[in-house]
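Heads up, the thing below is written out as structure tokens.
The values are calculated or read from the model by the stated rules, or taken from the named source; none is laboratory data. Model, not experiment: these values are computed from the prediction. Neighbour counts run over all protein chains shown; Cβ positions are idealised from the backbone, glycine included. These area figures cover heavy atoms from the full protein model, side chains too; ligands, DNA and RNA do not enter into them. Shrake-Rupley method; radii C 1.70, N 1.55, O 1.52, S 1.80 Å.
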Amino acid sequence: MSEHLILGVDGPVATLTIDRPAKRNALSHEMWAAIPGIVETVAADGAVRVLVVRGTDTFSAGADISEFGTLRRDAAGARSYGAVVEAAIRALTGLAKPTIAAITGFCIGGGCELALACDLRVAAEDARFGITPAKLGIVFNLPSTKQLVDAVGPAWAKQILYTGDILDAATALRIGLVNELHPPEELGKRARELADLMASRSQVTIRGAKEIIGRITDGRADEDDEVHLLYSASVTSVDYVEGVSAFLEKRSPQF
């Protein structure tokens with residue numbers, strides 16, 4: 001764990017808060033290294049159905065620049081640091097439960113990378129976005145670049161990575177970087193509404209949808225044995241029994 005990453009649970013919703021306001025929530029090596037363990041905790045909690053990732057007044061200004069002169073000073077250090085970041089992103093991406101990034105203020109560099117690893121992104125109307133390796137001489141890693149391309153398409157991914165420009169929230173919405181925009185004071189409420197709604201739906205459906213969408217974005221559109229198992233597991237599940245019963249009885253399902 002890291003003192004600057006706070007995991008809270010309220011009913012079926014877990015919230016991971018980036019809490020390092022003195023550094024505009026910059027992500028240190030210690031914070032990146034703590035993320036896989038936090039994700040594992042969320043995965044293991046059967047009562048938790050959705051994870052919300054948020055900051056404080058700002059989401060995250062990116063990686064902690066002060067560590068570039070120490071932990072990332074040479075090529076070996078940069079590779080080691082990059083492996084820790086990739087492990088954090090891989091853990092968050094691989095969580096079978098839905099994830100929502102609730103974005104306030106600046107969402108830059110590693111902060112944007114973390115947000116892209118979430119399933120949905122909702123943002124405040126005054127949020128700002130950017131991925132800035134072009135200002136540092138770094139090649140953005142392939143898994144996170146793929147997530148960027150999946151969200152905004154190759155042309156906008158090129159513009160974002162080639163220029164390192166900071167985008168306003170309206171542009172982020174228009175290009176698909178975020179799903180929704182809301183007034184800053186309403187963002188937390190909206191993120192919770194979305195989380196509660198997803199928590200109330202069939203988790204069998206959600207897990208299957210997340211798996212299948214991931215396969216499609218990986219270029220695998222064939223219905224192989226693993227996909228057929230997802231289908232069969234759903235129609236033999238208690239969720240299916242409850243969903244059909246609720247439909248026939250004209251009531252809301254209780255999953």
Shape call for the chain, from the Cα gyration tensor axes a ≥ b ≥ c (a/c under 1.5 means rounded, otherwise prolate when a/b beats b/c, else oblate), comes out prolate
So the carbon and sulfur contribution to the accessible area of the chain, 1.4 Å probe, in percent, is 57
Checked the range 20-82 with the C-alpha gyration tensor, a ≥ b ≥ c its square-rooted eigenvalues, rounded below a/c of 1.5, otherwise prolate if a/b is larger than b/c and oblate if not; verdict oblate
If one compares the long axis through the Cα atoms of helix 184-200 with the longest principal axis of the Cα atoms of the chain, the angle in degrees, nearest 10, works out at 40
Note on the range 86-201: alpha-carbon gyration tensor, axes a ≥ b ≥ c; rule is a/c under 1.5 for rounded, else prolate if a/b larger than b/c, else oblate; result oblate
Here the longest stretch of the chain that holds no GluC sites (Glu not before Pro) in a DSSP loop having at most 14 other beta carbon atoms within 10 Å is 4-124
With label points set 7 Å from each Cα along the Cα-to-Cβ direction at Gln159 and Glu30, the distance between them in nm comes to 4.0
In nanometres, the difference between 0.36 nm per residue of separation and the alpha-carbon distance of Arg251 and Leu230 is 5.0 nm
Expected vector for the range 102-118, Karplus 3J(HN,Hα) from phi with 6.51, -1.76, 1.60 and θ = phi - 60°, integer Hz, x for Gly and Pro, equals 9, 9, 10, x, 8, 10, 10, x, x, x, 5, 4, 5, 5, 5, 6, 8
Longest principal axis of the chain (C-alpha) makes with the long axis of helix 142-152 (C-alpha) an angle, in degrees to the nearest 10, of 70
With all protein chains in place and a 1.4 Å probe, Ile103 shows an accessible area in Å² (nearest 10) of 0
With the 8 Å Cα cutoff and a minimum separation of six or more residues, the range 105-255 has a relative contact order in percent of 21
Note on the chain, DSSP bridge orientation, antiparallel percent to nearest 5 equals 30
Taking alpha-carbon centroids only, the range 78-94 lies from the range 12-53 a number of Å equal to 14
Longest principal axis of the chain (C-alpha) makes with the long axis of helix 225-235 (C-alpha) an angle, in degrees to the nearest 10, of 50
Simple SL model, points at 7 angstrom along Cα→Cβ for Glu242 and Ala170; separation in nm is 4.4
